[in-house]
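The values are calculated or read from the model by the stated rules, or taken from the named source; none is laboratory data. What you see is a predicted model; the values in this text were computed from it and never measured. Cβ sites come from the backbone with ideal geometry, for glycine too, and all protein chains shown count toward neighbours.
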Amino acid sequence: MSVDLSQIVNEAVDQIDAAAVERPSAKKYETYVDAVPVRSIRADHTYQRPLDNNRVKRMAKEFDPSLVGVIEVSLRPDGRYAVIDGQHRLELVRDLKGPSASIACNVHSGLTPEDEARLFFEIDRKRTRLTTWDRWFARRGAGEQIVLDIEAIAAKHGLTINAAPKQGHLRCVSACEKIVELVDTARTVGPDGQVKAAQEIFRIWADNVYEIGTVGLTPMIQGVVVLNSKLQNVPKTLGNDWPLRSPGNARPEQFFYAK
């Protein structure tokens, strides 16, 4: 039995070519950047998340045109656009500038609604979120005063702001920033506000366990005292303050262990 290899190869090539034509990936998509009137853009809620109006209001209070950026939209066959990514920025511009305003868009043409939904998912899935350290270094580069102040205080005490878990590295930058903000707030408010600020500082101090120990300086003023049950002649109550040299005012020289 003879086999015509050339015929087999040609038939296989024809099948591959036919399959390539039918595959969705063979579609010709076009992408370009354009300024699109916001009145021509809508959200397709078959795949879009619900609009968070409170988020739009917060964005409006801190509106900065340079941060609007470029949103992702799809040009539909009817000539209108569906927003793929950037729905809240779109609504922000619509609210502040009106429906006749335009917004910079990365326009995708030739997509089906299913393609749009897939692109929406992929953009969100592959987006790299900024870490605390990414933000910190960016703010340092921008010369933000509170960041520079914290770094200067750390350096004064021989510490370096660094994410690596290493001796001499200070990593709790978020807590440090919160403490600085509370101290600054305490300078501008009355006694009640100062008490609240102090309580919050002690809570942060205790939660982050900056100091570990059962005696000495801790969030409990001069320390939490742990008493061995065999240790005798220890006062049940005692004034606890630095001028009293606690626990020296308990006369520890006359403590003794019961046998």
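Is it the case that some residue within segment 80-88 is in the same structural domain as residue 57 (by TED's automatic domain parsing), at pLDDT 90 or above and surrounded by fewer than 16 Cβ atoms within 10 Å (Cβ to Cβ)? The answer is yes; a qualifying residue exists. State yes or no: is residue 146 among the β-branched types (Val, Ile, Thr) and surrounded by 14 or more Cβ atoms within 10 Å (Cβ to Cβ)? The answer is no for residue 146. When we screen 156, 178, 196 for residues that are within 22 Å of residue 139 (Cα to Cα), modelled with pLDDT of 90 or more and surrounded by 12 or more Cβ atoms within 10 Å (Cβ to Cβ), the only hit is 178.
When residue 124 is tested against (1) touching a residue at least 24 places away in the same chain (Cβ under 8 Å); (2) surrounded by 13 or more Cβ atoms within 10 Å (Cβ to Cβ), just one condition goes unmet, and that condition is (2). How many residues are under 17 Å from residue 101 (Cα atoms) and hydroxyl-bearing (Ser, Thr, Tyr) when one looks only at segment 53-79? Residues flagged as under 17 Å from residue 101 (Cα atoms) and hydroxyl-bearing (Ser, Thr, Tyr) within segment 53-79 amount to 1.
Out of 113, 99, 65, 77, which single residue is of a type outside the set (S, T, N, Q), more than 30 Å from residue 169 (Cα to Cα), modelled with pLDDT of 90 or more and surrounded by fewer than 13 Cβ atoms within 10 Å (Cβ to Cβ)? Result of the check over 113, 99, 65, 77: 77. Regarding residue 206, is this residue out of contact with any strand residue (DSSP E or B) (no Cβ under 8 Å at 6 or more places or on another chain), modelled with pLDDT under 80 and assigned by TED's automatic domain parsing to the domain that holds residue 180? Yes.
Of the residues 196, 166, 156, the single one that is out of contact with any Cys (no Cβ under 6 Å at 6 or more places or on another chain) and not assigned by TED's automatic domain parsing to the domain that holds residue 135 is 196. Among the residues that make up segment 211-228, is at least one of them surrounded by 13 or more Cβ atoms within 10 Å (Cβ to Cβ), of a type outside the set (Phe, Trp, Tyr), modelled with pLDDT under 90 and assigned to a helix (DSSP H, G or I)? Within segment 211-228, none of the residues are surrounded by 13 or more Cβ atoms within 10 Å (Cβ to Cβ), of a type outside the set (Phe, Trp, Tyr), modelled with pLDDT under 90 and assigned to a helix (DSSP H, G or I).
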